[in-house]
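These notes are about the structure you will find just below.
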Amino acid sequence: MKLNYWKTLKVGLAFAIIMVFWTAYDYVVPLLLEHAYGLPNSVRGLVMGLDNLLSLFLLPIFGKISDKTRTKWGRRTPFIVIGTVISVILMIFVPISANQSLKDGEALRKEITTTWTEGYTYTDHEGNVYDAKALYTMIYEKGAEDSDYCDYAFLESEGVNGLEGFLNIALNPELNEDGAPGETYERIVETGINTYASEQVYQKVTLNNIDSLIIYMVILFFVLVAMATFRSPAVALMPDVTPKPLRSQANAMINLAGGAGGAIAFLIYTITLMINPTGYIAIFVAVACSMIILLGLFLWLVKEPKLVRECEELCAEYGISNDDDENLPAAKDGESTLSAEEIQKHKRARFISFLLILGSIFMWFMGYNAVSSNLSIYLTKILGLSSGFGGIVSGISMGISAIAFIPVGILAVKIGRRKSIMLGFGLATLAFILIFFFAVQRTTAAWVLYTLFYLISGFGLIIANVNTFPMVVELADSGDTGKYTGFYYAATMSAQAITPFIAGLIMDHFGSKYLFLYSTICVALAIVLMVFVKHGDSKAPPKSKLEMLGADD
């Protein structure tokens, strides 16, 4: 009994549609909020989390509705089609709604970030007038509380002594051949100037034109409702057409298809941002077109009712049930069936494992989404990379990690889903703590170390994602896969609803580099919860009908 990889990959086109949107959304929208509105980390995190809070309620609902749906196109396909079409129509208006604020914010940002020019003065939102020396002194002093303004330890490592040394570099920067400040200025001063510029954009642009942010949020609300209508049905399609023993391998292929969707989004936003650092409208238009093309391929290649029938025939051929009854333990010696009390005890144990799995998934996404929702800000503010180049660094890490998809599916068959997940969590924990200690400076070495460590976390992400969802639907009956898919996304989305805000508070209070320490703690807690899980692991698929008959004997 073997997985049909090509068929599963075609089913994964539905997930590829989803990942085109979310990959672009997670990287681009924080940049849009930063440049258009200058939101503090905590407020930006709140905005990024509210969309997930909406999905928290909608995904289980639409998953359950799709379970009960019966059409000639299948249970899931109508949701995928209608949800995708409505989403691509609405999403174009997300960057359009912020376009005027973006123009105003970028004009003010450009004015502030050229303060190194001799004789420059600036008036802030409270009417205070600063010459260059006063502005840099203020930024240096703010660094005593927030390393995003001025990292004292880094100054000392560069041989810069106190305020006098800081002002010398700030007011008398070495210039490159093109007349721009040199590397020393960029590494020591520019971070604080950019942080201050974002504050001013928030105070002078956003708060004076709050209607723009409100309109943005209303449009975003409708986009996310549309995306929520088909996420659970799209993901539930895989267990609908795959026998339980093959679902980890199948989920690896689904994630590979999703990775292809993410790669499309990566190419779109990276190329666009390299050409135009504020080309957000072009990005969303290209993402919408890509989603429509993938939808067309899905409808051409995937006939849901036919695939469901083939799965049912395969399960019948090998004596496999996709329902919960097959997971009951064997009866005691001398008894033909389990007692009602034993059955209830077994069901309680499975329910406890189900809750532990969801709890572990919740903490995992608390840690990983804190990073993904702030990654573009971290790369540009802390490591000093351009938004386009930062995308390349992130994309290389994700691309290299993607080669692990198929081996990870095979690994789950060999050692089980639970052990595989804990291995993935362990790799992510190791990577995050290494980034916290060794990738926090604007140096080439820090860029290289960050890429290496993020690559390690990417392997951990793949191992975890391939196996967590199959563990959840392993505990579902065939008629409840949509509902259990909704439970899975309830855990992921609730984490993604609150973790950007919490991570933002930590970044605002302690400094942006503490983002990765927070993520380390969250993922470590996910490991602890997974230790106590007893059910939902994979069973090796039978190699033949004879093997299945032998097992029954």
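Could you give the dipole magnitude of the chain about its Cα centre, charging the beta-carbon of Lys and Arg +1 and that of Asp and Glu -1, in debye to the nearest 20?
Here the size comes out at about 2240 debye.
Could you work out how far apart the two model spin labels at residue 351 and residue 145 are, taking each label as a point 7 Å from the Cα in the direction of the beta carbon, and quote it in nm?
So the label points at residue 351 and residue 145 sit 5.0 nm apart.
Where a ≥ b ≥ c are the square roots of the eigenvalues of the C-alpha gyration tensor, would you call segment 1-108 rounded, which needs a/c under 1.5, or, failing that, prolate if a/b is larger than b/c, or oblate?
The shape class here is prolate.
Here are labelled values, (1) 1.06; (2) 1.00; (3) 1.16, and one is the computed Cα Rg over 2.2 N^0.38 Å for what I pasted. Which one?
(1)
Give me the extension gain from residue 314 to residue 137: residue separation times 0.36 nm, minus the current Cα-Cα distance, reported in nm with one decimal.
Fully extending the segment from residue 314 to residue 137 adds 56.5 nm.
With a 10 Å radius around each residue's Cβ, average the other Cβ atoms per peptide and rank 290-302, 480-492, highest first.
480-492, 290-302
Rounded to the nearest 10 Å², what accessible area does residue 175 have for a 1.4 Å probe in the complete protein model?
100 Å²
Among 242, 113, what's the order by accessible area (1.4 angstrom probe), most exposed first?
Per-residue accessible area, sorted high to low, gives 113, 242.
Output wanted: per-residue J couplings in Hz (rounded whole) for segment 226-231, from phi through Karplus 6.51 cos²θ - 1.76 cosθ + 1.60, θ = phi - 60°, x for Gly and Pro.
5, 5, 6, 5, 10, 5
Quick one: which of 143-149, 360-366 comes out on top by average Cβ neighbours within 10 Å, and what's the full order, highest first?
360-366, 143-149
Is segment 221-261 rounded, prolate or oblate when judged by the Cα gyration tensor, a ≥ b ≥ c being the square roots of its eigenvalues, rounded requiring a/c under 1.5 and prolate requiring a/b larger than b/c?
It is oblate, given that a/c is not under 1.5 and a/b is not larger than b/c.
Rank these by accessible area, largest first, 1.4 Å probe: 72, 244.
So, going from the largest accessible area down, we get 72, 244.
Leaving out ligands, DNA and RNA, and with a 1.4 Å probe, what % of the accessible surface on the chain is carbon or sulfur?
Here carbon and sulfur together make up 64 percent of the probe-accessible area.
In degrees, nearest 10, range 0 to 90: what is the angle between the Cα axis of helix 481-510 and the longest Cα principal axis of the chain?
So the inclination is approximately 20 degrees.
Could you pull out the pairs from 10/345; 10/103; 68/244; 7/72 whose alpha carbons sit more than 31 Å apart here?
Table pairs above 31 Å Cα-Cα are 10/345; 10/103.
What does the accessible area per residue of the chain come to in Å², with a 1.4 Å probe and no ligands, DNA or RNA counted?
Ligands and nucleic acids excluded, the figure is 41 Å² per residue.
With n ≥ 4 as the cut-off for DSSP H runs, can you work out [θ] at 222 nm for the chain, using -39500 (n - 2.57) per run divided by the number of residues, rounded to the nearest 500?
For the chain, the value works out to -25000 deg cm²/dmol.
First check a/c for segment 192-249, with a ≥ b ≥ c the square roots of the eigenvalues of its C-alpha gyration tensor; if it is under 1.5, answer rounded, and if not, answer prolate when a/b is larger than b/c or oblate otherwise.
It comes out oblate by the Cα gyration axes.
For residue 130, list long-range residues whose amide hydrogen, built 1.01 Å from N in the peptide plane, is under 5 Å from its own amide hydrogen.
122, 123, 124
The values are calculated or read from the model by the stated rules, or taken from the named source; none is laboratory data. The shown structure was predicted, so the numbers you read here are calculated from the model rather than taken from an experiment. Cβ: placed from backbone, ideal geometry, glycine included. Neighbour counts: every protein chain shown. The protein model used for the area step is the full one, side chains on, heavy atoms only, and it has no ligands, DNA or RNA in it. Shrake-Rupley method; radii C 1.70, N 1.55, O 1.52, S 1.80 Å.
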